[in-house]
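**Student:** Next up is a structure, given as C-alpha cells.
Each value in this text was obtained by applying a stated rule to the coordinates, not by laboratory testing. Computed from a predicted model, the values in this text were never measured in an experiment. Here Cβ is always computed from backbone atoms with ideal geometry, including for glycine, and neighbour counts include all displayed protein chains.
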Amino acid sequence: MPRLTLYQPDIPQNAGTMMRMAACLGLAVEIIEPAGFDVSDRHLRRSGLDYLDHVAITRHRSFAAFEEWRRGAGLRLVLATTAGAVPYTDFAFRPGDCVMVGRESAGVPEPVHAAADARVVVPMRSGMRSLNVAVAAAIILGEALRQTGDATVRPERA
C-alpha cells in the first residue's frame, strides 16, 4: 500500500481529515515533525473523529530521521507539489510509495524537493495557486491505489 506522508503539518483540521482518509483506505501515515500543533490537539481529534484509532501513525522527529527510515526500507518518496514535474495521472506509482504533502503554509524546503524520487502535480486551471492539501492528497492517493491495485475497501452489498 502507498503511505501518506505529512511534512510538518501546520493545520490540525487538515491533518485530521487526511488521517481519517488514511484510516478509511487502510493507509499508514508518516508524520515528519515538528508539527505546527500538538498532535493531541482537539481540532485534530475533531476532524479525525474516532477514525484516528484505526490508522497506523508513525512520527519521525525530523526529515533526516524519516529519510534514514525510508531509505533503509527501500521506499520511494513521491512529492506532491505545485512545482511538480509530472501530472499525477502520468506517473507510475508502486506499492509502498511514500506520497508526501507539504506544510499548508510553506510547502517543503528545497532539500526535501532534492531528496524526492519524483515530484507530481495535480493539474489546475491557470491562475489558481493550489488545492487544499487534504484534497490534493486524496486525489493523488486515489490514483496510486487504482494503479497498484491496493484498494482493499469494497462496498457492502445491500
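**Student:** Can you sort Y88, Y51 by how many other beta carbons sit within 10 Å, fewest first?
**Tutor:** So the residues, fewest neighbours to most, are Y51, Y88.
**Student:** Using a Förster distance of 22 Å, how high is the FRET efficiency between D90 and A28, based on the Cβ-Cβ distance and rounded to 0.05?
**Tutor:** The value I calculate is 0.30.
**Student:** Turning to a different aspect of this structure: For the chain, what relative contact order do you get, as a whole percent, if you take Cα pairs closer than 8 Å and at least 6 residues apart?
**Tutor:** Relative contact order for the chain comes out at 29 percent.
**Student:** What percentages, rounded to whole numbers, describe P(r) for the range 3-148 computed over all alpha carbon pairs with 10 Å bin width beginning at zero?
**Tutor:** P(r) over the range 3-148, rounded to whole percents: 12, 46, 36, 6.
**Student:** Where in the chain are the helices, taken as whole DSSP H runs, whose Cα atoms extend 18 angstrom or more along the long axis and whose Kyte-Doolittle mean reaches at least 1.0?
**Tutor:** Helices meeting the criterion: 133-148.
**Student:** For V55, V78, what's the fewest-to-most ordering of other Cβ within 10 Å of each Cβ?
**Tutor:** Placing the least packed residue first, the sequence is V55, V78.
**Student:** At a 10 angstrom cut-off on C-beta neighbours, averaged per residue, how do the peptides 61-68, 17-24 rank from highest to lowest?
**Tutor:** Top to bottom by mean Cβ count within 10 Å: 17-24, 61-68.
**Student:** Neighbouring Cβ atoms within 10 Å as the yardstick, rank R71, R119 fewest first.
**Tutor:** Going from least to most buried by this count: R71, R119.
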